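Structure, as structure tokens:
The values are calculated or read from the model by the stated rules, or taken from the named source; none is laboratory data. A quick note: this is a predicted structure, and the numbers were derived from the prediction, not measured. We place every Cβ from the backbone using ideal geometry, glycine too, and count neighbours over all the protein chains shown.
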Amino acid sequence: MDNCAVFNFFLIVAGIVGLFVLITVIKTMYTVRTYTAGIVERFGKYNRTARPGLQFLLPWCENVRFIDLQVRQAVVNVETKTKDNVFVTIPVSVQYQVVEEKVFDAYYKLSNPQAQIESYVFNSILGHVPTLTLDEAFEQMQQISGAVKKDLDDVMDTFGYNILRALVTDIVPDAKVKAAMNDINAAQREQIAAQARGEADKILKVKQAEAEAESKALQGDGTARQRQAIIKGLQQSVEEFKGAVEGSTAKDVIAMVLMTQYFDTLREVGVSGKSSTILLPSSPGTVNDLMTQIIAGFQGAKQP
């Protein structure tokens, strides 16, 4: 019984020693992932920085902590007031990364880098935007981004962080201000459109007036030519009639022409189906009166 107890005791001790050795071996080896750095501490004090790959520790003396070297992003929404007293919200997107050569500073000097970045973004925006009007802020978004990045670079570099970009992605005014801006813009555009329509109407009316004037001028010219042709035709008819009928005068010829035109007019009126009732003098002296009036008109037209 005693030998069996001793054997069991040694078996338990061997198991404990084997487990201790196994744990020691496991704690000795570790791996560091790509774009990650290992902070190795010996008895709580920084000893070295471990690179990606398989690494080893002094068992029970050293431990390792990891820090991410990938690019991270912090989105900060800053509410502020412009120079013309408009409250705006400015979202700023900051992309930052731990500098591989400054892993010690990034791990030990700064416990919460995102909170630190947010604080400096607020400080930078509140130092620039209140000096600008709303329109100037929209126009200078690139300059504001550059100022924010410069301010962050100067501070975060001492903590081992590299600021890759600091982008002002938008400027969002209050909803009422935005609606008022849209109304002003719409009114300005409507004013420009009204001016354009007015100019177009003006040009159209001028062109119509020019066309009407030209048309009337052409109509007057045509009427004058028509009357000249009629006069020439009458003159030629009078000369031919006087040559054919001896003793006839120009007055006789005109009377005959007028008589013919008078009866032709009566015939046209009579045969037209769309004619209304027209009262005309039918006495023989009518032709003589018409002739007297026409001759008087010709004589008046010849006078200067």
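Structure notes:
- Residues within region 173-198 that are farther than 30 Å from Leu134 by Cβ and at pLDDT 80 or above, tallied: 0
- Any pair with Cβ under 7 angstrom, 6 or more apart, that starts in region 60-88 at a residue that is outside the structural domain of Gln116 (by TED's automatic domain parsing) and ends at one that is assigned to a strand (DSSP E or B) and of a type in the set (Lys, Arg): Cys61/Arg42; Glu62/Arg42
- Filter pass, Phe104 being assigned to a helix (DSSP H, G or I) and over 26 Å from Ala179 (Cβ atoms): yes
- Filtered residue count, region 82-108, keeping only those that are farther than 30 Å from Arg51 by Cβ, surrounded by 13 or more Cβ atoms within 10 Å (Cβ to Cβ) and of a type in the set (D, E, K, R): 1
- Any hit, region 134-146, residues being β-branched (Val, Ile, Thr) and more than 26 Å from the chain's Cα centre (by Cα): no
- So Lys232, is it out of contact with any Cys (no Cβ under 9 Å at 6 or more places or on another chain), in a helix (DSSP H, G or I), at pLDDT below 80 and under 30 Å from Glu118 (Cβ atoms): no
- Segments classed as strands (runs of 3 or more DSSP E), wholly inside region 36-95, with at least 3 members that are more than 18 Å from Ala166 (Cβ to Cβ): 36-42, 45-50, 53-56, 62-68
- Filter result for Phe87 (at pLDDT below 90 and touching an Asp or Glu at 6+ places or on another chain (Cβ under 6 Å)): yes
- Lone qualifier among Gly160, Gly127 - being touching a residue at least 60 places away in the same chain (Cβ under 8 Å), over 14 Å from Val94 (Cα atoms) and either assigned by TED's automatic domain parsing to the domain that holds Gln95 or not aliphatic (A, V, I, L, M) (or both): Gly160
- Residue check for Leu110: touching a Phe, Trp or Tyr at 6+ places or on another chain (Cβ under 6 Å) and in the same structural domain as Lys81 (by TED's automatic domain parsing): yes
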